[in-house]
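Colleague: Dumping the structure here so I can ask a few things about it.
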Amino acid sequence: MSLMPGLRRAAFFIAVLVALHSACEPGHAQAALLMEEPYGFFGALNPTGHDAIYFARICAETPIKLRRCAADEPGSVFTRYQGITGYDWVAMPLIAYLYSVEDPSAVPSRADRKTVTRLREQYHEAHLLSLGKDLPEGGTFQRGWSQLVGVAYERRMYAFRFATTEEQDDALIAKMNSGANHSHYSLLFWNCANFSSAILNFYFPRTFRRRPFPDAGITTPMQVTYELVRYARRHPEIQLTVLAIPQVPGCRGPSRPNKSIAQSLVVRGYLIPLAVFCPACAGGVLVDWLAWGRYSLHTEHPQTLAPTEMTPLTSPAGTVFSQSSQSSISPAD
């Protein structure tokens, strides 16, 4: 019996050490590069698609001010679009960005154009008036606030999820909140993919940069995604996993797969008139695509997410899910 007090003290001491270790260990959350497929008239002309970045730990206090998320919040999406009243970037809550609602259970399984418009207008009136009452809704030829909500009604997305730390996320919040948020959008030189590259370079310095090939130095969503996949092969500690967010049917036809610019010129037939007027240019585009523009992104069998089951995207990195239902990038891939 005399051994019991000593055993209790030893057990207490071990428990304190475990607690201190857990408290001091950096918490891992995660982020995800969202590669969004092209759609509509502009997507037919230029099928490169769109890039955005999701953060599980960073939330939007307003569309242009960030903060740490509360425990029950699913995070936010950062994106750059042209024509958002002079802002270079905006942040939107994840569920609103995808489905134009705040409650995932309110997402319709099928939504026609009238339903999508109603959901967008309701969310705009409740949360987006701070962007300016004169900001247009947008449409086929004009950009506007409708690009910021209900994206999943228009297109399919692939989420390339990677690990982050609290210190990194806090530093990004401070950087974004203190920096000048003034648009200098350029389709060729400072587009959505360039914005994603800049954010990713904050986490993985000097990894994402403009290159002369492919696509003559123009950054595209596929390029940025490929750079992230290639980085993950050399750095498996970032735990890169590919997930799919399907397009909600009913609003429009299925979106198209992302393409590089060189591939777009070849597939869309633009190469034929180019070959007539400049055979050397057409040959250069073809070589560009064949030599540099064909990317392996591991999107063949990703886990598919549902509005009410976004856990594989929002849970801390390292959380174990069914291995048969998700696609992870390993050094051997």
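The values are calculated or read from the model by the stated rules, or taken from the named source; none is laboratory data. Since we're looking at a predicted model, the values are computed, not measured. Counting neighbours? That spans all protein chains shown, and the Cβs are built from the backbone with ideal geometry, glycine included. Please note that ligands, DNA and RNA were not included when accessible areas were found on the heavy atoms of the full protein model with its side chains. Shrake-Rupley method; radii C 1.70, N 1.55, O 1.52, S 1.80 Å.
Colleague: So which trypsin sites (Lys or Arg not before Pro) in segment 78-136 are both in a DSSP loop and have at most 10 other Cβ atoms within 10 Å of their Cβ? Mind showing how you got there, number by number?
Modeller: Working: sites: ARG80, ARG110, ARG113, LYS114, ARG118, ARG120, LYS133; in loops: ARG80, ARG110, LYS133.
Qualifying residues, ordered by number: ARG110, LYS133.
Colleague: While we're on this one: Excluding same-chain residues fewer than 8 positions from LYS259, which aspartates and glutamates have a Cα within less than 12 Å of its Cα?
Modeller: GLU36, GLU37, ASP215
Colleague: In whole Hz and in residue order, list the ³J(HN,Hα) couplings for segment 176-192 that follow from phi through the Karplus curve 6.51 cos²θ - 1.76 cosθ + 1.60, θ = phi - 60°; x for Gly and Pro.
Modeller: 5, 6, 8, x, 6, 9, 10, 5, 9, 4, 9, 4, 8, 10, 8, 9, 4
Colleague: Per residue, how much accessible area does segment 115-219 show when a 1.4 Å probe rolls over the protein heavy atoms, in square angstrom?
Modeller: Spelled out: the 1.4 Å probe surface of segment 115-219, per residue, equals 47 Å².
Colleague: Follow-up question, since we're still on this one. In segment 90-148, which chymotrypsin sites (Phe, Trp or Tyr not before Pro) fall in coil by DSSP and have 13 or fewer other Cβ atoms within 10 Å?
Modeller: Sparse-neighbourhood loop chymotrypsin sites (Phe, Trp or Tyr not before Pro): PHE141.
Colleague: Loop-only check: which trypsin sites (Lys or Arg not before Pro) in segment 164-259 are DSSP coil with at most 16 other Cβ within 10 angstrom?
Modeller: Those that pass, being in a loop and sparsely packed, are ARG206, ARG209, ARG210, ARG252.
Colleague: With a 1.4 Å probe and every protein chain left in place, tell me how much accessible area CYS69 has, in Å² to the nearest 10.
Modeller: 30 Å²
Colleague: Using the Cβ atoms and a cut-off under 13 Å, what net charge is assigned to the surroundings of GLN82, where Lys and Arg are +1 and Asp and Glu are -1?
Modeller: In short, +1.
Colleague: Using each residue's phi in segment 64-80, evaluate 6.51 cos²θ - 1.76 cosθ + 1.60 at θ = phi - 60° and report the 3J(HN,Hα) Karplus result to the nearest Hz, with x for Gly and Pro.
Modeller: 10, 9, 10, 7, 5, 6, 6, 4, 9, 9, x, x, 9, 10, 9, 8, 10
Colleague: If Lys and Arg each add +1 and Asp and Glu each add -1, what is the summed charge of the other residues whose beta carbon sits under 12 Å from the beta carbon of GLN147?
Modeller: +1
Colleague: Could you tell me how far the Cα centroid of segment 234-292 sits from the Cα centroid of segment 38-112, in Å?
Modeller: One Cα centre to the other: 23 Å.
Colleague: While we're on this one: Is the shape of segment 60-115 rounded, prolate or oblate, going by the alpha carbon gyration tensor and its root eigenvalues a ≥ b ≥ c, with a/c under 1.5 for rounded and a/b larger than b/c for prolate?
Modeller: The shape class here is oblate.
Colleague: Through the Karplus equation 6.51 cos²θ - 1.76 cosθ + 1.60, θ set to phi - 60°, convert the phi angles of segment 239-249 into ³J(HN,Hα) values in whole Hz; use x for Gly and Pro.
Modeller: In residue order, the calculated couplings are 6, 5, 9, 9, 10, 10, 10, x, 6, 6, x Hz.
Colleague: Let me ask something else about it. Let me know the shape class of segment 173-224, please: from the alpha-carbon gyration tensor, a ≥ b ≥ c as square roots of the eigenvalues, rounded when a/c is under 1.5, otherwise prolate if a/b is greater than b/c, or oblate.
Modeller: It is oblate, given that a/c is not under 1.5 and a/b is not larger than b/c.
Colleague: Local charge sum around ASN191 (other residues, Cβ-Cβ under 9 Å, Lys/Arg +1, Asp/Glu -1)?
Modeller: 0
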